[in-house]
Amino acid sequence: MSRLASVNELRYYPDIPFYDKQLRVVLRNCGHINPENLEEYIAMDGYAALGHVLTEMTPEQVIDEIKRSGLRGRGGAGFSTGRKWETSRRASGYPKFIIANGDEGDPGAFMDRSVMEGDPHAVLEGLAIAAYAVGSDQGYIYVRAEYPLAVERLQLAIEQARELGLLGTNILGSKFSFDIKIKRGAGAFVCGESTALMASIEGKRGMPRSRPPQSAEKGLFGKPTVLNNVETLANVPQIILKGADWFRSMGTPDSPGTKVFALTGKVRNTGLVEVPMGITLRELVFDIGGGIIGDKQFKAAQTGGPSGGCVFTGHLGLKMDFDSLAEVGSMMGSGGLVIMDEDTCMVDVARFFSAFNEDESCGKCSTCRIGTQRLHEILERICAGKGEPSDLETLEILGHLMQKATLCGLGETAPNPVLSTMRYFRDEYEAHILEKRCPAKVCKALIHYRVVAANCTGCMVCARRCPARAITGEKRAVHEIHQELCIKCGACHEACKFQAIAIE
Ligand SMILES: Cc1cc2nc3c(=O)[nH]c(=O)nc-3n(C[C@H](O)[C@H](O)[C@H](O)COP(=O)(O)O)c2cc1C
(Lines give C-alpha, C1' and ligand atoms only; values in the text may rest on other atoms or scores of the structure.)
Protein backbone atom coordinates (compact mmCIF):
# COMPACT_ATOMS: atom_id res chain seq x y z
CA MET A 1 0.00 0.00 0.00
CA SER A 2 2.70 2.43 1.03
CA ARG A 3 4.65 1.44 -2.11
CA LEU A 4 1.62 2.25 -4.29
CA ALA A 5 1.22 5.58 -2.59
CA SER A 6 4.79 6.51 -3.33
CA VAL A 7 4.37 5.51 -7.00
CA ASN A 8 1.35 7.80 -7.22
CA GLU A 9 3.49 10.61 -5.92
CA LEU A 10 5.88 10.25 -8.85
CA ARG A 11 5.63 13.18 -11.23
CA TYR A 12 6.38 13.51 -14.93
CA TYR A 13 9.16 15.85 -16.02
CA PRO A 14 6.73 18.55 -17.29
CA ASP A 15 5.07 18.59 -13.85
CA ILE A 16 8.34 19.55 -12.20
CA PRO A 17 9.07 23.27 -12.66
CA PHE A 18 12.83 22.62 -12.84
CA TYR A 19 12.35 20.47 -15.97
CA ASP A 20 9.23 22.05 -17.49
CA LYS A 21 11.07 24.67 -19.55
CA GLN A 22 14.09 22.52 -20.29
CA LEU A 23 14.70 20.89 -23.65
CA ARG A 24 17.25 18.10 -23.55
CA VAL A 25 19.11 17.57 -26.80
CA VAL A 26 22.74 17.46 -25.70
CA LEU A 27 21.91 15.96 -22.31
CA ARG A 28 19.24 13.63 -23.70
CA ASN A 29 21.06 10.45 -22.73
CA CYS A 30 22.78 11.68 -19.57
CA GLY A 31 21.36 9.80 -16.61
CA HIS A 32 19.19 7.65 -18.90
CA ILE A 33 21.69 5.24 -20.38
CA ASN A 34 24.66 3.44 -18.94
CA PRO A 35 27.55 5.41 -20.43
CA GLU A 36 29.80 2.37 -20.21
CA ASN A 37 27.50 0.29 -22.40
CA LEU A 38 27.76 0.88 -26.15
CA GLU A 39 24.58 -1.12 -26.87
CA GLU A 40 22.55 1.30 -24.74
CA TYR A 41 23.84 4.22 -26.82
CA ILE A 42 23.03 2.33 -30.03
CA ALA A 43 19.52 1.64 -28.70
CA MET A 44 19.05 5.42 -28.51
CA ASP A 45 19.91 5.78 -32.25
CA GLY A 46 23.60 6.03 -31.42
CA TYR A 47 25.94 5.87 -34.41
CA ALA A 48 22.94 5.96 -36.80
CA ALA A 49 24.03 9.46 -37.88
CA LEU A 50 27.59 8.27 -38.56
CA GLY A 51 26.23 5.33 -40.55
CA HIS A 52 24.01 7.72 -42.51
CA VAL A 53 26.77 10.18 -43.44
CA LEU A 54 29.14 7.39 -44.48
CA THR A 55 26.60 5.71 -46.74
CA GLU A 56 24.32 8.52 -47.95
CA MET A 57 26.17 11.85 -47.76
CA THR A 58 29.26 13.43 -49.24
CA PRO A 59 31.48 15.48 -46.89
CA GLU A 60 30.21 18.64 -48.64
CA GLN A 61 26.60 17.67 -47.93
CA VAL A 62 27.44 17.15 -44.25
CA ILE A 63 29.02 20.62 -44.12
CA ASP A 64 26.00 22.12 -45.89
CA GLU A 65 23.60 20.52 -43.43
CA ILE A 66 25.58 21.80 -40.45
CA LYS A 67 25.79 25.26 -42.05
CA ARG A 68 22.04 25.24 -42.73
CA SER A 69 21.37 24.25 -39.10
CA GLY A 70 23.06 27.47 -37.95
CA LEU A 71 24.98 25.56 -35.24
CA ARG A 72 27.37 27.94 -33.48
CA GLY A 73 30.27 26.86 -31.31
CA ARG A 74 29.29 26.31 -27.67
CA GLY A 75 32.85 26.87 -26.40
CA GLY A 76 32.44 30.61 -26.08
CA ALA A 77 32.84 32.61 -29.25
CA GLY A 78 29.75 31.26 -31.03
CA PHE A 79 31.51 30.88 -34.38
CA SER A 80 29.62 29.05 -37.16
CA THR A 81 30.57 25.36 -36.97
CA GLY A 82 29.73 24.70 -40.63
CA ARG A 83 31.89 27.58 -41.85
CA LYS A 84 34.78 26.43 -39.69
CA TRP A 85 34.55 22.94 -41.17
CA GLU A 86 34.31 24.34 -44.69
CA THR A 87 37.52 26.38 -44.27
CA SER A 88 39.31 23.35 -42.96
CA ARG A 89 38.01 21.08 -45.74
CA ARG A 90 39.33 23.56 -48.32
CA ALA A 91 42.73 23.88 -46.62
CA SER A 92 45.50 21.92 -48.27
CA GLY A 93 47.83 19.79 -46.18
CA TYR A 94 47.93 16.28 -44.80
CA PRO A 95 47.22 14.98 -42.23
CA LYS A 96 44.33 17.09 -40.97
CA PHE A 97 43.44 16.99 -37.31
CA ILE A 98 40.20 17.37 -35.45
CA ILE A 99 40.07 18.10 -31.72
CA ALA A 100 37.28 18.06 -29.15
CA ASN A 101 37.85 20.73 -26.51
CA GLY A 102 36.89 19.29 -23.12
CA ASP A 103 39.23 21.50 -21.09
CA GLU A 104 36.38 23.35 -19.36
CA GLY A 105 38.48 25.57 -17.13
CA ASP A 106 35.75 28.03 -16.06
CA PRO A 107 35.19 27.84 -12.30
CA GLY A 108 31.78 26.32 -11.58
CA ALA A 109 31.18 24.99 -15.10
CA PHE A 110 30.58 21.27 -15.62
CA MET A 111 28.52 21.04 -18.82
CA ASP A 112 31.15 19.30 -20.90
CA ARG A 113 32.11 17.09 -18.01
CA SER A 114 28.54 15.77 -17.80
CA VAL A 115 28.45 14.99 -21.50
CA MET A 116 31.87 13.27 -21.48
CA GLU A 117 30.97 11.26 -18.39
CA GLY A 118 27.29 10.66 -19.15
CA ASP A 119 27.26 10.18 -22.94
CA PRO A 120 30.85 9.67 -24.17
CA HIS A 121 29.83 7.98 -27.42
CA ALA A 122 27.93 11.13 -28.48
CA VAL A 123 31.25 13.01 -28.38
CA LEU A 124 33.02 10.28 -30.37
CA GLU A 125 30.22 10.17 -32.94
CA GLY A 126 30.19 13.97 -33.33
CA LEU A 127 33.96 13.96 -33.70
CA ALA A 128 33.88 11.15 -36.30
CA ILE A 129 31.24 12.99 -38.37
CA ALA A 130 33.29 16.21 -38.20
CA ALA A 131 36.39 14.26 -39.25
CA TYR A 132 34.56 12.80 -42.25
CA ALA A 133 33.36 16.28 -43.21
CA VAL A 134 36.77 17.96 -43.10
CA GLY A 135 38.80 14.98 -44.33
CA SER A 136 40.67 14.10 -41.15
CA ASP A 137 41.78 10.66 -40.04
CA GLN A 138 43.14 11.54 -36.61
CA GLY A 139 41.26 13.12 -33.74
CA TYR A 140 42.07 14.17 -30.20
CA ILE A 141 39.95 14.81 -27.17
CA TYR A 142 41.60 17.29 -24.83
CA VAL A 143 40.11 16.59 -21.40
CA ARG A 144 40.52 18.69 -18.29
CA ALA A 145 43.09 17.06 -15.99
CA GLU A 146 40.68 17.10 -13.05
CA TYR A 147 38.13 14.89 -14.86
CA PRO A 148 39.48 11.35 -14.32
CA LEU A 149 36.06 9.71 -14.74
CA ALA A 150 35.55 11.47 -18.08
CA VAL A 151 38.95 10.20 -19.24
CA GLU A 152 38.12 6.65 -18.09
CA ARG A 153 34.73 6.59 -19.81
CA LEU A 154 35.99 8.16 -23.03
CA GLN A 155 38.85 5.66 -23.15
CA LEU A 156 36.44 2.77 -22.65
CA ALA A 157 34.09 4.19 -25.28
CA ILE A 158 36.99 4.49 -27.78
CA GLU A 159 37.93 0.84 -27.20
CA GLN A 160 34.31 -0.31 -27.57
CA ALA A 161 33.88 1.71 -30.77
CA ARG A 162 37.11 0.28 -32.23
CA GLU A 163 35.93 -3.25 -31.46
CA LEU A 164 32.70 -2.71 -33.38
CA GLY A 165 34.39 -1.04 -36.36
CA LEU A 166 32.99 2.39 -35.49
CA LEU A 167 36.54 3.75 -35.20
CA GLY A 168 39.69 2.58 -36.94
CA THR A 169 40.27 1.67 -40.58
CA ASN A 170 37.38 1.47 -43.07
CA ILE A 171 34.68 2.40 -40.60
CA LEU A 172 31.47 0.43 -41.16
CA GLY A 173 33.01 -0.97 -44.35
CA SER A 174 33.45 2.48 -45.91
CA LYS A 175 36.63 4.12 -47.21
CA PHE A 176 36.70 6.41 -44.21
CA SER A 177 39.31 5.70 -41.52
CA PHE A 178 39.54 7.64 -38.30
CA ASP A 179 40.87 7.15 -34.79
CA ILE A 180 40.93 9.18 -31.59
CA LYS A 181 43.53 9.79 -28.89
CA ILE A 182 42.87 11.33 -25.49
CA LYS A 183 45.12 14.06 -24.18
CA ARG A 184 44.79 15.13 -20.56
CA GLY A 185 44.78 18.87 -19.99
CA ALA A 186 47.61 20.73 -18.34
CA GLY A 187 45.48 22.19 -15.53
CA ALA A 188 45.54 25.75 -16.84
CA PHE A 189 42.57 27.87 -17.93
CA VAL A 190 44.54 29.25 -20.88
CA CYS A 191 44.98 25.72 -22.27
CA GLY A 192 41.32 25.88 -23.35
CA GLU A 193 42.32 28.60 -25.83
CA SER A 194 42.78 27.01 -29.25
CA THR A 195 46.45 27.72 -29.97
CA ALA A 196 47.56 27.11 -26.36
CA LEU A 197 45.65 23.82 -26.39
CA MET A 198 47.43 22.71 -29.56
CA ALA A 199 50.83 23.68 -28.11
CA SER A 200 49.95 21.58 -25.06
CA ILE A 201 49.09 18.54 -27.22
CA GLU A 202 52.42 19.00 -29.02
CA GLY A 203 54.13 18.64 -25.64
CA LYS A 204 55.04 22.32 -25.39
CA ARG A 205 54.12 24.77 -22.66
CA GLY A 206 50.45 25.72 -23.07
CA MET A 207 50.73 29.27 -24.35
CA PRO A 208 48.82 30.94 -27.16
CA ARG A 209 50.43 32.20 -30.34
CA SER A 210 49.49 35.13 -32.54
CA ARG A 211 47.25 34.59 -35.54
CA PRO A 212 47.30 34.38 -38.56
CA PRO A 213 47.88 31.69 -39.57
CA GLN A 214 44.54 30.36 -38.43
CA SER A 215 44.43 26.83 -37.03
CA ALA A 216 42.10 25.74 -39.83
CA GLU A 217 45.09 26.20 -42.13
CA LYS A 218 48.08 25.68 -39.81
CA GLY A 219 47.17 24.23 -36.46
CA LEU A 220 48.33 21.15 -34.58
CA PHE A 221 51.85 20.12 -35.73
CA GLY A 222 51.52 22.84 -38.40
CA LYS A 223 48.66 20.99 -40.13
CA PRO A 224 45.06 22.08 -40.82
CA THR A 225 43.11 21.56 -37.61
CA VAL A 226 39.53 21.98 -36.47
CA LEU A 227 38.81 22.56 -32.79
CA ASN A 228 35.27 22.18 -31.51
CA ASN A 229 33.80 22.25 -28.07
CA VAL A 230 32.37 19.01 -26.61
CA GLU A 231 28.81 20.38 -26.44
CA THR A 232 29.05 21.60 -30.06
CA LEU A 233 30.04 18.12 -31.21
CA ALA A 234 27.36 16.38 -29.13
CA ASN A 235 24.75 18.33 -31.15
CA VAL A 236 26.06 17.07 -34.48
CA PRO A 237 24.62 13.50 -34.60
CA GLN A 238 21.16 14.84 -33.71
CA ILE A 239 21.32 17.47 -36.46
CA ILE A 240 22.26 14.81 -39.02
CA LEU A 241 19.50 12.46 -37.87
CA LYS A 242 16.69 14.98 -37.46
CA GLY A 243 17.76 17.62 -39.96
CA ALA A 244 18.79 21.25 -39.97
CA ASP A 245 15.15 22.45 -39.95
CA TRP A 246 14.44 20.55 -36.75
CA PHE A 247 17.48 22.19 -35.14
CA ARG A 248 16.39 25.61 -36.37
CA SER A 249 12.93 25.06 -34.86
CA MET A 250 14.57 25.51 -31.43
CA GLY A 251 16.15 28.70 -30.16
CA THR A 252 16.35 32.00 -32.06
CA PRO A 253 17.03 32.61 -35.77
CA ASP A 254 20.63 33.67 -35.09
CA SER A 255 21.30 31.26 -32.21
CA PRO A 256 19.42 28.06 -33.05
CA GLY A 257 19.30 25.01 -30.80
CA THR A 258 19.70 24.67 -27.08
CA LYS A 259 22.36 25.67 -24.56
CA VAL A 260 23.42 23.90 -21.41
CA PHE A 261 23.96 26.24 -18.46
CA ALA A 262 25.56 25.48 -15.11
CA LEU A 263 23.03 27.33 -12.96
CA THR A 264 24.55 28.14 -9.57
CA GLY A 265 24.54 30.80 -6.88
CA LYS A 266 21.62 32.08 -4.85
CA VAL A 267 18.78 30.27 -6.65
CA ARG A 268 16.73 27.54 -4.99
CA ASN A 269 17.36 24.97 -7.74
CA THR A 270 20.91 24.66 -8.95
CA GLY A 271 22.47 22.28 -11.45
CA LEU A 272 22.82 21.73 -15.16
CA VAL A 273 19.91 23.00 -17.23
CA GLU A 274 19.48 22.68 -20.97
CA VAL A 275 17.14 25.26 -22.48
CA PRO A 276 16.26 26.59 -25.91
CA MET A 277 18.45 29.57 -26.81
CA GLY A 278 16.57 32.80 -26.35
CA ILE A 279 14.90 31.82 -23.09
CA THR A 280 14.84 34.86 -20.83
CA LEU A 281 17.02 35.32 -17.81
CA ARG A 282 13.82 35.68 -15.76
CA GLU A 283 12.61 32.23 -16.81
CA LEU A 284 15.98 30.74 -15.92
CA VAL A 285 16.14 32.38 -12.51
CA PHE A 286 12.52 32.18 -11.40
CA ASP A 287 10.84 29.34 -13.31
CA ILE A 288 13.71 26.87 -13.54
CA GLY A 289 15.85 28.15 -10.69
CA GLY A 290 12.80 28.49 -8.43
CA GLY A 291 13.66 32.09 -7.45
CA ILE A 292 16.12 33.49 -4.98
CA ILE A 293 16.90 31.62 -1.76
CA GLY A 294 15.21 33.14 1.31
CA ASP A 295 12.96 35.30 -0.91
CA LYS A 296 15.72 37.86 -1.22
CA GLN A 297 15.99 40.25 -4.15
CA PHE A 298 17.65 39.21 -7.39
CA LYS A 299 20.60 41.52 -7.94
CA ALA A 300 22.76 40.24 -10.79
CA ALA A 301 23.72 37.31 -12.97
CA GLN A 302 27.25 36.54 -13.98
CA THR A 303 27.41 34.79 -17.34
CA GLY A 304 30.36 33.26 -19.14
CA GLY A 305 32.68 32.77 -16.17
CA PRO A 306 35.89 34.80 -15.84
CA SER A 307 35.61 35.97 -19.45
CA GLY A 308 32.01 37.05 -19.11
CA GLY A 309 30.21 39.87 -17.43
CA CYS A 310 27.45 40.75 -15.02
CA VAL A 311 23.94 41.78 -15.95
CA PHE A 312 21.43 43.39 -13.58
CA THR A 313 17.71 43.43 -12.72
CA GLY A 314 16.98 45.53 -15.80
CA HIS A 315 18.11 42.54 -17.86
CA LEU A 316 15.71 39.96 -16.46
CA GLY A 317 13.83 40.10 -19.78
CA LEU A 318 17.09 39.61 -21.71
CA LYS A 319 17.14 36.71 -24.18
CA MET A 320 19.93 34.29 -23.39
CA ASP A 321 21.60 33.95 -26.76
CA PHE A 322 25.04 34.80 -28.16
CA ASP A 323 24.21 38.21 -29.60
CA SER A 324 21.85 39.54 -26.92
CA LEU A 325 24.40 38.83 -24.19
CA ALA A 326 27.23 40.43 -26.18
CA GLU A 327 25.09 43.55 -26.76
CA VAL A 328 24.88 44.22 -23.01
CA GLY A 329 28.62 43.73 -22.45
CA SER A 330 28.51 40.13 -21.26
CA MET A 331 28.94 36.87 -23.15
CA MET A 332 27.50 33.39 -23.36
CA GLY A 333 30.92 31.85 -22.78
CA SER A 334 30.65 28.15 -22.23
CA GLY A 335 27.52 28.47 -20.08
CA GLY A 336 28.47 29.35 -16.52
CA LEU A 337 25.57 31.21 -14.90
CA VAL A 338 25.96 32.48 -11.34
CA ILE A 339 22.94 34.15 -9.77
CA MET A 340 23.52 36.79 -7.09
CA ASP A 341 21.19 38.27 -4.50
CA GLU A 342 21.02 41.61 -2.69
CA ASP A 343 23.78 40.54 -0.28
CA THR A 344 26.39 40.35 -3.03
CA CYS A 345 28.99 43.09 -3.41
CA MET A 346 29.60 43.64 -7.11
CA VAL A 347 33.02 45.20 -6.54
CA ASP A 348 34.00 42.07 -4.65
CA VAL A 349 32.70 39.93 -7.53
CA ALA A 350 34.89 41.86 -9.98
CA ARG A 351 37.81 41.48 -7.54
CA PHE A 352 37.27 37.69 -7.39
CA PHE A 353 37.29 37.23 -11.18
CA SER A 354 40.21 39.60 -11.64
CA ALA A 355 42.23 37.49 -9.17
CA PHE A 356 41.36 34.38 -11.20
CA ASN A 357 42.42 36.01 -14.46
CA GLU A 358 45.67 37.27 -12.97
CA ASP A 359 46.50 33.76 -11.71
CA GLU A 360 45.63 32.17 -15.04
CA SER A 361 47.35 34.67 -17.35
CA CYS A 362 50.18 32.72 -18.97
CA GLY A 363 52.38 35.81 -18.99
CA LYS A 364 53.43 35.61 -22.63
CA CYS A 365 52.08 39.02 -23.57
CA SER A 366 52.75 41.94 -21.28
CA THR A 367 49.35 43.59 -21.85
CA CYS A 368 47.65 40.62 -20.24
CA ARG A 369 50.37 39.77 -17.72
CA ILE A 370 50.60 43.30 -16.34
CA GLY A 371 47.06 44.35 -17.18
CA THR A 372 45.44 41.55 -15.16
CA GLN A 373 47.80 42.35 -12.25
CA ARG A 374 46.91 46.04 -12.29
CA LEU A 375 43.15 45.37 -12.54
CA HIS A 376 43.33 43.02 -9.57
CA GLU A 377 45.58 45.32 -7.54
CA ILE A 378 43.24 48.31 -7.98
CA LEU A 379 40.17 46.26 -7.07
CA GLU A 380 41.90 44.84 -3.97
CA ARG A 381 42.68 48.42 -2.94
CA ILE A 382 39.09 49.59 -3.47
CA CYS A 383 37.73 46.66 -1.42
CA ALA A 384 40.25 47.46 1.32
CA GLY A 385 38.87 51.00 1.59
CA LYS A 386 41.91 52.55 -0.06
CA GLY A 387 40.35 53.38 -3.41
CA GLU A 388 40.88 56.77 -5.04
CA PRO A 389 38.49 58.64 -7.34
CA SER A 390 40.94 58.29 -10.25
CA ASP A 391 40.76 54.47 -9.97
CA LEU A 392 37.50 54.33 -11.90
CA GLU A 393 39.00 56.04 -14.92
CA THR A 394 42.15 53.93 -14.71
CA LEU A 395 40.09 50.72 -14.63
CA GLU A 396 38.16 51.85 -17.68
CA ILE A 397 41.20 52.93 -19.72
CA LEU A 398 43.13 49.78 -18.82
CA GLY A 399 40.14 47.51 -19.49
CA HIS A 400 39.50 48.96 -22.95
CA LEU A 401 43.18 48.80 -23.80
CA MET A 402 43.40 45.13 -22.82
CA GLN A 403 40.36 44.33 -24.97
CA LYS A 404 42.27 45.62 -27.98
CA ALA A 405 45.91 44.78 -27.34
CA THR A 406 46.31 41.30 -25.84
CA LEU A 407 47.51 38.20 -27.62
CA CYS A 408 44.59 35.90 -26.91
CA GLY A 409 41.04 35.75 -25.66
CA LEU A 410 42.06 35.45 -22.01
CA GLY A 411 43.44 38.98 -21.80
CA GLU A 412 40.88 40.31 -24.25
CA THR A 413 37.97 39.20 -22.09
CA ALA A 414 39.58 39.53 -18.64
CA PRO A 415 38.27 43.12 -18.19
CA ASN A 416 34.65 42.03 -18.86
CA PRO A 417 33.71 41.30 -15.22
CA VAL A 418 35.21 44.67 -14.20
CA LEU A 419 33.77 46.81 -16.99
CA SER A 420 30.30 45.25 -16.80
CA THR A 421 30.02 45.73 -13.03
CA MET A 422 31.25 49.32 -13.41
CA ARG A 423 28.60 49.88 -16.06
CA TYR A 424 25.63 48.55 -14.08
CA PHE A 425 26.76 49.05 -10.47
CA ARG A 426 28.80 52.25 -10.62
CA ASP A 427 27.13 53.54 -7.46
CA GLU A 428 28.66 50.62 -5.53
CA TYR A 429 32.14 51.49 -6.75
CA GLU A 430 31.53 55.12 -5.76
CA ALA A 431 30.30 54.12 -2.30
CA HIS A 432 33.50 52.10 -1.75
CA ILE A 433 35.79 54.84 -3.01
CA LEU A 434 34.13 58.08 -1.95
CA GLU A 435 32.17 57.07 1.18
CA LYS A 436 34.42 54.17 2.27
CA ARG A 437 31.26 52.08 2.54
CA CYS A 438 30.34 48.65 1.17
CA PRO A 439 26.56 48.81 0.58
CA ALA A 440 26.20 45.00 0.53
CA LYS A 441 28.27 44.78 3.72
CA VAL A 442 30.72 42.25 2.32
CA CYS A 443 34.10 44.01 2.16
CA LYS A 444 35.56 43.46 5.61
CA ALA A 445 37.66 46.60 5.72
CA LEU A 446 34.53 48.71 5.19
CA ILE A 447 32.19 47.18 7.76
CA HIS A 448 31.92 47.23 11.55
CA TYR A 449 30.01 44.99 13.94
CA ARG A 450 28.27 46.89 16.75
CA VAL A 451 26.13 45.79 19.70
CA VAL A 452 22.57 47.17 19.61
CA ALA A 453 22.17 47.94 23.31
CA ALA A 454 18.36 47.88 23.23
CA ASN A 455 18.33 44.29 21.96
CA CYS A 456 21.25 42.82 23.91
CA THR A 457 20.09 40.47 26.71
CA GLY A 458 23.60 39.76 27.94
CA CYS A 459 23.24 36.06 27.11
CA MET A 460 26.99 35.86 26.38
CA VAL A 461 26.56 33.63 23.30
CA CYS A 462 28.35 36.14 21.05
CA ALA A 463 31.28 36.43 23.42
CA ARG A 464 31.63 32.64 23.56
CA ARG A 465 31.50 32.33 19.76
CA CYS A 466 33.97 35.11 19.03
CA PRO A 467 37.25 33.41 17.97
CA ALA A 468 39.23 36.63 18.60
CA ARG A 469 37.90 37.24 22.14
CA ALA A 470 36.90 40.69 20.93
CA ILE A 471 33.59 40.75 22.87
CA THR A 472 33.32 41.38 26.58
CA GLY A 473 30.42 41.82 29.00
CA GLU A 474 28.86 40.46 32.18
CA LYS A 475 25.89 38.09 32.24
CA ARG A 476 22.59 39.98 31.67
CA ALA A 477 24.53 43.19 30.86
CA VAL A 478 24.98 44.86 27.48
CA HIS A 479 28.10 43.53 25.73
CA GLU A 480 30.80 45.44 23.89
CA ILE A 481 32.78 44.66 20.72
CA HIS A 482 36.36 45.87 20.83
CA GLN A 483 36.94 47.09 17.28
CA GLU A 484 40.75 46.83 17.50
CA LEU A 485 40.43 43.06 18.17
CA CYS A 486 37.49 42.29 15.87
CA ILE A 487 38.47 40.17 12.82
CA LYS A 488 35.03 40.72 11.21
CA CYS A 489 34.29 37.04 10.78
CA GLY A 490 30.58 37.59 11.49
CA ALA A 491 30.35 34.71 14.00
CA CYS A 492 28.70 36.99 16.60
CA HIS A 493 26.11 38.21 14.11
CA GLU A 494 25.21 34.65 13.11
CA ALA A 495 25.06 33.44 16.72
CA CYS A 496 22.88 36.22 18.17
CA LYS A 497 19.20 35.27 18.38
CA PHE A 498 18.09 38.78 19.39
CA GLN A 499 19.30 40.86 16.42
CA ALA A 500 21.61 42.58 18.87
CA ILE A 501 24.64 42.63 16.57
CA ALA A 502 24.32 45.16 13.75
CA ILE A 503 26.59 45.40 10.70
CA GLU A 504 27.37 48.96 9.67
C1 LIG B 1 41.24 31.55 -22.04
C2 LIG B 1 40.33 30.72 -22.88
C3 LIG B 1 39.84 29.51 -22.40
C4 LIG B 1 38.99 28.74 -23.17
N5 LIG B 1 38.53 27.57 -22.65
C6 LIG B 1 37.72 26.79 -23.41
C7 LIG B 1 37.26 25.55 -22.90
O8 LIG B 1 37.56 25.16 -21.77
N9 LIG B 1 36.45 24.81 -23.70
C10 LIG B 1 36.09 25.22 -24.98
O11 LIG B 1 35.40 24.49 -25.68
N12 LIG B 1 36.52 26.39 -25.45
C13 LIG B 1 37.32 27.18 -24.72
N14 LIG B 1 37.78 28.36 -25.24
C15 LIG B 1 37.39 28.70 -26.62
C16 LIG B 1 38.31 27.96 -27.62
O17 LIG B 1 39.45 28.74 -27.82
C18 LIG B 1 37.63 27.71 -28.97
O19 LIG B 1 37.08 28.92 -29.44
C20 LIG B 1 36.53 26.66 -28.90
O21 LIG B 1 36.98 25.47 -28.30
C22 LIG B 1 36.06 26.35 -30.32
O23 LIG B 1 35.01 25.44 -30.31
P24 LIG B 1 33.55 25.86 -30.75
O25 LIG B 1 33.65 26.59 -32.06
O26 LIG B 1 32.82 24.57 -30.89
O27 LIG B 1 33.00 26.72 -29.67
C28 LIG B 1 38.61 29.17 -24.47
C29 LIG B 1 39.09 30.38 -24.96
C30 LIG B 1 39.93 31.16 -24.17
C31 LIG B 1 40.42 32.44 -24.72
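The values are calculated or read from the model by the stated rules, or taken from the named source; none is laboratory data. Owing to the predicted nature of the structure, the values given are computational and were not obtained by experimental measurement. Backbone-built Cβ (ideal geometry, glycine too); neighbour counts: all protein chains shown. Heavy atoms of the whole protein, side chains included, go into the accessibility calculation; ligands, DNA and RNA do not. Shrake-Rupley method; radii C 1.70, N 1.55, O 1.52, S 1.80 Å.
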> Roughly how many Å² of LEU10 are accessible to a 1.4 Å probe, to the nearest 10?
Replying inline: 130 Å²
> ³J(HN,Hα) across the stretch 446-453 via Karplus (A = 6.51, B = -1.76, C = 1.60, θ = phi - 60°), whole Hz, x for Gly/Pro?
Replying inline: 10, 10, 9, 9, 9, 7, 8, 4
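Give me the number: length gained by fully extending ARG162 to GLU56, i.e. 0.36 nm times residue separation minus the C-alpha to C-alpha distance, one decimal in nm.
On the way: separation 106, 0.36 × 106 = 38.16 nm, distance 2.19 nm.
Stretched out fully, the ARG162 to GLU56 stretch lengthens by 36.0 nm.
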>> Give me the three principal axis extents of the stretch 26-248 from the C-alpha atoms, as integers in angstrom, largest value leading.
In response: 43, 36, 34
> In the chain, with Lys and Arg counted as +1 and Asp and Glu as -1 at Cβ, which of these residues, PHE97, GLN214, ASN455, has the Cα nearest the positive end of the dipole, that is, farthest along it?
Replying inline: ASN455
> Given a Förster radius of 30 Å and the C-beta distance between LEU241 and PHE221 as r, what FRET efficiency does 1/(1 + (r/R0)^6) yield to the nearest 0.05?
Replying inline: 0.35
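Rank PHE18, PHE352 by accessible area, highest first, at a 1.4 Å probe radius?
On the way: PHE18 35, PHE352 110 Å².
These residues rank, largest area first, as PHE352, PHE18.
Between ARG11 and GLU388, what length in nm is gained on full extension when 0.36 nm per residue of separation is reduced by their alpha carbon distance? Present the calculation step by step, with values, prior to reporting the outcome.
Numbers: separation 377, 0.36 × 377 = 135.72 nm, distance 5.64 nm.
Value of the extension gain: 130.1 nm.
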> Of LYS296/LYS444; LYS183/LYS404; LYS96/LYS242, which ones are farther than 25 Å apart at the Cα?
Replying inline: LYS183/LYS404; LYS96/LYS242
> Can you give the accessible area of VAL451, probe radius 1.4 Å, in Å² rounded to 10?
Replying inline: 20 Å²
>> Given the DSSP H assignment, sum -39500 (n - 2.57) over each helix run of at least 4 residues in the chain and divide by its residue total; what's the result at 222 nm in deg cm²/dmol, nearest 500?
In response: -11500 deg cm²/dmol
> Which whole-number value in Å² is the accessible area per residue of the stretch 346-434, probe 1.4 Å?
Replying inline: 42 Å²
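For the stretch 269-313, report the convex hull volume of the alpha-carbon atoms normalised per residue, in Å³, without decimals.
Working: hull volume 4.2 nm³, N = 45.
Hull volume over Cα atoms, normalised by residue count, gives 92 Å³.
May I ask you to rank ARG83, ARG28 by accessible area, largest first, using a 1.4 Å probe over the protein chains only? Working shown, then result.
Details: ARG83 125, ARG28 45 Å².
My answer, sorted largest first, is ARG83, ARG28.
Return a whole-number percent for the relative contact order of the chain, with Cα pairs under 8 Å and 6 or more residues apart as the contact set.
Working: 1042 pairs, mean separation 65.6, N = 504.
After rounding, I find 13 percent.
By Kyte-Doolittle mean hydropathy of at least 0.0 and Cα axial length of at least 20 Å, which whole DSSP H helices of the chain are selected? Spell out each step's value before the answer.
Details: long enough: 120-134 (21 Å, 1.30); 148-163 (23 Å, -0.16); 346-360 (21 Å, -0.03); 366-383 (25 Å, -0.21); 390-405 (22 Å, 0.02).
Membrane-span-like by this rule: 120-134, 390-405.
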> If you place +1 on the Cβ of every Lys and Arg and -1 on the Cβ of every Asp and Glu, how big does the dipole about the Cα centre of the stretch 389-476 come out, in debye to the nearest 20?
Replying inline: 860 debye
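Give me the one-decimal Kirkwood hydrodynamic radius in Å for the stretch 448-503, with the sum taken over alpha-carbon pairs.
On the way: mean 1/r = 0.0936 Å⁻¹.
After inverting the mean inverse Cα-Cα distance, the result is 10.7 Å.
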> Counting only protein heavy atoms and using a 1.4 Å probe, what share of the accessible area of the chain belongs to carbon plus sulfur, as a whole percent?
Replying inline: 51 percent
>> If I model a spin label as a point 7 Å beyond the Cα along the Cα-Cβ vector, how far apart are those points for ARG369 and ASP254 in nm?
In response: 3.8 nm
> When only alpha-carbon atoms count, how far does the chain stretch along each of its three principal axes, as whole angstroms with the largest first?
Replying inline: 87, 71, 38
>> Give me the mean projected area, in nm² to one decimal, of the convex hull enclosing the Cα positions of the stretch 353-433.
In response: 4.6 nm²
> What shape does the stretch 123-178 have by the C-alpha gyration tensor, where a ≥ b ≥ c are the square roots of the eigenvalues, rounded means a/c under 1.5, and otherwise prolate means a/b greater than b/c and oblate the rest?
Replying inline: oblate
> So how much accessible area does CYS492 have, in Å² to the nearest 10, using a 1.4 Å probe?
Replying inline: 10 Å²
